[in-house]
Every structure is written in C-alpha cells, then in structure tokens.
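Since the structure comes first, as structure tokens, the remarks are kept for the end.
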Amino acid sequence: MNWNAIAALGELVGAGAVVVSLLYVGRELKHSSTVARVQGIQSTNEKLFEWALLISSDADLAELMMRVEKTGCGPEDFTPREAARVAYVYHALLSLTHTLYERRSEGLISLQELDRWAAQNRGVMGTPYLCKLWPRLRPNFPEDYTAWLEGRYNLPKGPPDAA
C-alpha cells in the first residue's frame, strides 16, 4: 500500500468521524432543547400554582379580587389599604404574565400555552380596575410586552401620559 492510499483512507475515516460527531451533537442539541422546554413548562406550572395559592390562601384577598372581577369595582371603591393590596396582586400577575411572554419568546413554552394562560385570565385582566391602574404599572415592563398586553386585554395604549 502506498502513502497516497493511506492518506485517502485516513481522510475517508476522518470525514466519517466528522459526520458521526455532527449527528451526535445534533441529537444532543435536540435532547437539550427538549429538556429545556420541559423544564420551562414545569417552572411555568409552578409559578401558576404559586399565584393561585397566593389568592386562594387569603380569604380577604380572594374577596377583593372577586369584587374587582365580578362587580367591576375600581380603585375608588376600596380603602387605600385594599387598593394597595389589589395593585400588588396585579403587579404580581403582570410580572408572571411577562415571564410567560418571555418564555414564549425564548421558545420554552408554546404560543398555545401563552394563549391558554391569557384566555384563562381574561376576566381579571380585562377589568376596569386594571384599566385605571395600567398607566401606573406600564412603565415597569418592556415595550413589546406592554403592546402585546394592550392588544390582548384592551388596556389603554401608550405611555402613562397618553392615558
């Protein structure tokens, strides 16, 4: 066997090793992507559970949120303390929804999961209370997210001075 044949055989074996390596790396990337997606869904479900637990474990807070959602009460219908509690709940809900929005942007949850969450919260997110509170909360969130929220829940559009 001459050196040219040995070199050609070496190149062939090397090319085969590169192909096998690329297939392996591709499979590992796909697996890592799947794991990240499952962890994203699990983490999202944990956050949703924590939010539900926050409301359901406090009878007074649950009562306030029911008044907001079912009767259309606004901030003026509550004591300052009650209004502050509701505002904090809304800030927590908007922050959680922002987390879900970002996870969708990163591909960790599907658009259907984000839409399901948005639909489930239409009652509490589409209240006159949040419409009045939104101009104060809006600056805390990125523009792309606020535009999505405003379109999804018919919140007042634009920066606080536009409301």
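Exactly one residue out of L64, L108, L48 is within 29 Å of C131 (Cβ to Cβ), under 19 Å from the mean Cα position of the chain (by Cα) and aliphatic (A, V, I, L, M): that is L48. Evaluating R81 against the criteria (1) surrounded by 17 or more Cβ atoms within 10 Å (Cβ to Cβ); (2) over 15 Å from M125 (Cβ atoms) leaves one unmet condition, (1). Quick check on segment 36-55. Is at least one of its residues modelled with pLDDT of 90 or more, assigned to a helix (DSSP H, G or I) and touching a helix residue (DSSP H, G or I) at 6+ places or on another chain (Cβ under 6 Å)? Checked against the condition, which is being modelled with pLDDT of 90 or more, assigned to a helix (DSSP H, G or I) and touching a helix residue (DSSP H, G or I) at 6+ places or on another chain (Cβ under 6 Å), segment 36-55 yields no hits at all. Out of the residues in segment 95-112 meeting the condition of being modelled with pLDDT under 85 and surrounded by fewer than 18 Cβ atoms within 10 Å (Cβ to Cβ), tell me which one is farthest from N154 (Cα to Cα). Looking at the filtered set, the residue picked out is G107. Screening K47, K70 for residues that are charged (D, E, K, R) and surrounded by 13 or more Cβ atoms within 10 Å (Cβ to Cβ) leaves exactly one candidate, K47. Just one of the numbered conditions (1) touching a Gly at 6+ places or on another chain (Cβ under 9 Å); (2) within 23 Å of Q42 (Cα to Cα); (3) aromatic (F, W, Y) is not true of Y153: (2). Within segment 120-133, residues that are in contact (Cβ under 8 Å) with a residue 24 or more places away in the chain have Cβ atoms under 7 Å from residues that are surrounded by 14 or more Cβ atoms within 10 Å (Cβ to Cβ) and small (G, A, S) in these pairs: P128/G74; Y129/G74; K132/G74; L133/A87, counting only partners at least 6 apart in sequence or on another chain. As for segment 127-146, it holds no residue that is modelled with pLDDT under 90 and surrounded by fewer than 12 Cβ atoms within 10 Å (Cβ to Cβ). Taken over segment 79-93, the criterion of being outside any loop (DSSP other than H, G, I, E, B) and free of Cβ contacts under 8 Å to residues at least 12 places away in the same chain is satisfied by P80, R81, A83, A84, Y88. Taking first residues from segment 100-111 that are touching a residue at least 24 places away in the same chain (Cβ under 8 Å) and partners that are crowded, with 19+ Cβ neighbours inside 10 Å and basic (K, R), the Cβ contacts under 6 Å between residues at least 6 apart in sequence or on separate chains come to I109/R103. For the residues E150, E69, E76, the requirement of being in a helix (DSSP H, G or I), more than 30 Å from A36 (Cβ to Cβ), of a type in the set (D, E, K, R) and without any contact (Cβ under 8 Å) to a residue 40 or more places away in the chain singles out E76. Between a first residue in segment 13-32 that is under 29 Å from L108 (Cα atoms) and a second residue that is at pLDDT below 80, which pairs have beta carbons less than 7 Å apart while being 6 or more apart in sequence or on different chains? Within 7 Å, no pair qualifies.
The values are calculated or read from the model by the stated rules, or taken from the named source; none is laboratory data. Model, not experiment: these values are computed from the prediction. When we count neighbours, we look across all protein chains shown, and the Cβ atoms used for this are built from the backbone with ideal geometry, even at glycine.
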